[in-house]
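This report refers to the structure that appears directly beneath it.
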Amino acid sequence: MADLSFYISPLSEEIREEGRAQGRAQGRAQGRAQARGENILILLDARGIDVTDAVREKISACIDLEVSREWLIRAVHAATAEEIFGPTR
């Protein structure tokens with residue numbers, strides 16, 4: 001019979017808790033990125049700027065918080081939705 005004591009050891013529990021903490025952190029970051037994408041789309045809509053399906057998909061798929069922050073800032077002044085994807089500062 002195999003020795004399964006590792007699976008109930010403090011070290012094993014510590015490893016599992018690290019994994020859970022990393023998963024929670026990733027989930028929170030994804031949630032923030034998703035919310036920021038929604039905010040960009042709301043802002044563009046409120047400004048009366050047309051958003052193509054391709055642009056909507058690109059904004060919705062972005063999980064990089066720094067990139068989406070830049071897009072949000074640009075969305076304040078952009079004349080078209082595509083302008084938010086311009087070069088970074």
45, 53 arranged by Cβ crowding within 10 Å, fewest neighbours leading: 53, 45
Size of electric dipole in segment 9-89: Cβ of Lys, Arg +1 and of Asp, Glu -1, about Cα centre, debye, nearest 20: 200
[x] 17.1; [y] 15.4; [z] 16.5, with the label sought being that of the calculated Kirkwood radius over Cα pairs in Å: [y]
Mean residue ellipticity (222 nm) of the chain, computed from DSSP H runs ≥ 4 via -39,500 (n - 2.57), nearest 500: -22000 deg cm²/dmol
Using alpha-carbon coordinates, inclination of helix 10-46 to the longest axis of the chain, degrees: 10
Angle between the chain longest axis and helix 65-75 axis [Cα atoms, degrees, rounded to 10]: 10
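Values quoted throughout were computed directly from the atomic coordinates according to the rules given, and no laboratory measurement underlies them. What you see is a predicted model; the values in this text were computed from it and never measured. All Cβ positions, even for glycine, are placed from backbone atoms using ideal geometry, and neighbour counts span all protein chains on display.
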